[in-house]
Amino acid sequence: MTALATPRNSNSKSPPEPAAKRPRGRPRKTQGERDDGNRRHELLTAAARLFRQQGFDATSTRDIAAAVGMHSGSPFYHFKSKDALLYAVMEEGMHTAIARQTKALQGDDAATGKPGAPLMQMRRLIRSHFDTLLGPGNDFVPVMLYEHRSLSAWQLTSLAKLQTEYEAAWTPVLEALHASGHLRAPVKFSRLLILGALNWSVQWFDRKKDASLDDLTDAAMALFLKEC
C-alpha cells in the first residue's frame, strides 16, 4: 500500500513547524511528589527505629507520626496499615543491604573488572554486613530479624527472595575459600553459621562501648577462616 500524495499548490501555505520533541527520560517530579517521597522515607526511618527499640506490637502509628511531626492519621496516606509499614521497612532494608553489598564487593576492583582475592572479598562481605546491622541509622534489617513473625505469608515469600539474592553473593566467595583451604567446613553450613553469628551481634554490640566495626570484622575473619 502506498501513501496518498498531496497535490502541490503554489498558493498553499508553508508546512507547519514540527512539534517540539518530548524530553527523553522520566518527567521531573513536582515539588509535591518530592515532598511525598521525603515524608515516606522519614516515616520508614522513624518506624524502623521505633520498631527496633520498642517492638512492633508496642509501637503505634501515633508514635510513628509523632516522631516525624505528623498528625496521627497522616501515615495512612503513605501506607495502608501498620502491617504494610512494617513490610515496607523490611523491604527497604533488604534493597539497601543488597546495594551496599554489591558496591562493597566491587571496591577498588571495579575499574579493572576483575574480582578481588577471596579473602579480601570475604572481608568486604563481613564489613558490609556489619554496616547493615550496626551502622548508624541502620535499623531496617535488624527489625526484619526479630519481627518477621508479624508478616503475612506472601510478605515472607517476597522477602525470602530478596534474602536469597543477598546471600547468593556469599556462596562463590566461600567456595573459593574452601578450595584454597582457608575454610574447612562445608560451604552451605559455613554460610548459615557465619551469617547467624554476625546477625546475633545486634543483641550485644554497643557502638559507644565496644570495638569498631573494623575490629569486629578482623575478629570475624580470624574466627571463621584459617591461615594457610
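The values are calculated or read from the model by the stated rules, or taken from the named source; none is laboratory data. Since we're looking at a predicted model, the values are computed, not measured. Counting neighbours? That spans all protein chains shown, and the Cβs are built from the backbone with ideal geometry, glycine included.
Which number in (1) among the acidic types (Asp, Glu); (2) crowded, with 17+ Cβ neighbours inside 10 Å; (3) at pLDDT below 95 marks the one condition that residue 108 misses? So the condition that residue 108 fails would be (2). In the set 116, 137, 32, 37, only one residue is at positive phi and either modelled with pLDDT under 95 or under 16 Å from the mean Cα position of the chain (by Cα) (or both); that residue is 137.
In this structure, residue 143 qualifies as within 23 Å of the chain's Cα centre (by Cα) and among the β-branched types (Val, Ile, Thr).
One line per residue, one yes/no per condition, for (1) under 21 Å from residue 101 (Cβ atoms); (2) among the charged types (D, E, K, R):
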position: 161; (1), (2): yes, yes
position: 166; (1), (2): yes, no
position: 175; (1), (2): yes, yes
position: 182; (1), (2): yes, no
position: 198; (1), (2): yes, no
position: 205; (1), (2): yes, no
position: 208; (1), (2): no, yes
position: 214; (1), (2): yes, yes
position: 221; (1), (2): yes, no
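Just so you know, in the stretch 68-102 the residues that are surrounded by 15 or more Cβ atoms within 10 Å (Cβ to Cβ) and charged (D, E, K, R) include one that is farthest from residue 154 (Cα to Cα), and it is 100. Selection of the stretch 50-72 for residues being in a loop (DSSP other than H, G, I, E, B) and touching a residue at least 12 places away in the same chain (Cβ under 8 Å) yields 55, 56, 57, 59, 60, 68, 70.
Only one residue in 65, 47, 58 is closer than 28 Å to residue 156 by Cα, at pLDDT 85 or above, surrounded by fewer than 14 Cβ atoms within 10 Å (Cβ to Cβ) and of a type in the set (A, V, I, L, M). Which one? First the steps, then the outcome.
Numbers: 65 fails: surrounded by fewer than 14 Cβ atoms within 10 Å (Cβ to Cβ); 47 fails: surrounded by fewer than 14 Cβ atoms within 10 Å (Cβ to Cβ).
Only one candidate qualifies: 58.
The one condition from (1) part of a helix (DSSP H, G or I); (2) in contact (Cβ under 8 Å) with a residue 24 or more places away in the chain; (3) surrounded by fewer than 14 Cβ atoms within 10 Å (Cβ to Cβ) that residue 226 does not meet is (1).
Residues of the stretch 199-220 being in a helix (DSSP H, G or I), touching a residue at least 12 places away in the same chain (Cβ under 8 Å) and closer than 17 Å to residue 142 by Cα, which ones?
First, pick out the residues of the stretch 199-220 that are in a helix (DSSP H, G or I): 199-204, 213-220.
With touching a residue at least 12 places away in the same chain (Cβ under 8 Å) added as a condition, the list becomes 199, 201-202, 213-214, 216-217, 220.
Within the stretch 199-220, 199, 201, 202, 213 qualify.
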